[in-house]
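Here the structure comes first, spelled out in structure tokens, and everything after it is commentary.
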Amino acid sequence: MTLTNYTMMDIFNMLIAPAFIDTVKMTVISGVLSVIFGFIVGVLLVITEKGNLCPMPIFNRVLDIIVNILRSFPFIILMISIIPLTRLIAGSSIGLKAALVPLTVAATPFMGRIFQNSLKEVDPALIEAANSFGASKFQIIFKIMLSEAVPSIISGVCLGIINLLNATAMAGIVGAGGLGAIALTYGYQNFNMKIMYSICIILVILVAVIQYCSDLLYRKLK
């Protein structure tokens, strides 16, 4: 589509605004899913360590290897390599819905490490004290470990969400839509610098807002 006869406001309303909404949707939905799955992975990595609540060294090692393998893939390669899985889950390999699969798969190991590292920072004396008072494993995880690690988790999750935002731009290259697709089609291929710089400014503002909200939550919970 040629844009020579359109004003910048028209372009914003027709292209950039819908793409912005798609980008936010992809980031929020995949962010929520990856936090949920990452929490499960992180907790399992911690409690199955030798000498912890549910020591299972072999399971822990296997899960650790899987996390490392998934984290080693550049996002664009991971997204292409799991296209069969994406089609199985989403019914297609293109579009916003399809993009959620690789975004979640890519972000979950990262979030898992964030939860793992944050939970491991909890003072072992607190866990031992809770054990001595007869607290269940569920209570220790949620009322002791998680509550103590919340500020650190918030900082880490913020970094993960920002990485997800960057990944949504790459997802646009293979038909996921969003700001990345607009930047590629109109900014790069058609050399429309106004669109390219507009999208850059929007992404900078989004990152700043995410970081500000994270810092605000961190200060309140610290």
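The values are calculated or read from the model by the stated rules, or taken from the named source; none is laboratory data. None of these values were measured; they are calculated from a predicted model. Quick reminder, even Gly has a Cβ in these numbers, built from the backbone with ideal geometry, and neighbours come from all protein chains shown.
Taken together, 144, 66 contain a single residue that is over 19 Å from the mean Cα position of the chain (by Cα) and either surrounded by 14 or more Cβ atoms within 10 Å (Cβ to Cβ) or over 22 Å from residue 25 (Cα atoms) (or both), which is 144.
What number of residues in region 41-88 are in a helix (DSSP H, G or I) and either without any contact (Cβ under 8 Å) to a residue 60 or more places away in the chain or touching an Asp or Glu at 6+ places or on another chain (Cβ under 7 Å) (or both)?
So the answer is 27.
There is no residue in region 44-62 that is hydrophobic (A, V, I, L, M, F, W, C) and under 17 Å from the mean Cα position of the chain (by Cα).
Comparison of 86, 48 shows that the only residue that is closer than 26 Å to residue 150 by Cβ, touching a helix residue (DSSP H, G or I) at 6+ places or on another chain (Cβ under 6 Å), of a type in the set (Val, Ile, Thr) and surrounded by 13 or more Cβ atoms within 10 Å (Cβ to Cβ) is 48.
Residue 57: at pLDDT 90 or above and within 21 Å of residue 120 (Cβ to Cβ), yes or no? It is true that residue 57 is at pLDDT 90 or above and within 21 Å of residue 120 (Cβ to Cβ). Of the residues in region 100-116, not one is farther than 16 Å from residue 29 by Cα, surrounded by fewer than 17 Cβ atoms within 10 Å (Cβ to Cβ) and of a type outside the set (Phe, Trp, Tyr). Within region 121-141, being surrounded by fewer than 16 Cβ atoms within 10 Å (Cβ to Cβ) and part of a helix (DSSP H, G or I) holds for 124, 125, 126, 128, 129, 131, 132, 137, 138, 139.
A residue that is in a loop (DSSP other than H, G, I, E, B), over 18 Å from residue 180 (Cβ atoms) and in contact with a Lys or Arg (Cβ under 9 Å, 6 or more places away or on another chain) occurs somewhere in region 89-109.
Residue 5 satisfies every condition listed in (1) under 14 Å from residue 115 (Cβ atoms); (2) modelled with pLDDT under 90 except (1). Screening region 173-199 for residues that are assigned to a helix (DSSP H, G or I) and free of Cβ contacts under 8 Å to residues at least 12 places away in the same chain and picking the one that is surrounded by the most Cβ atoms within 10 Å (Cβ to Cβ) gives 185.
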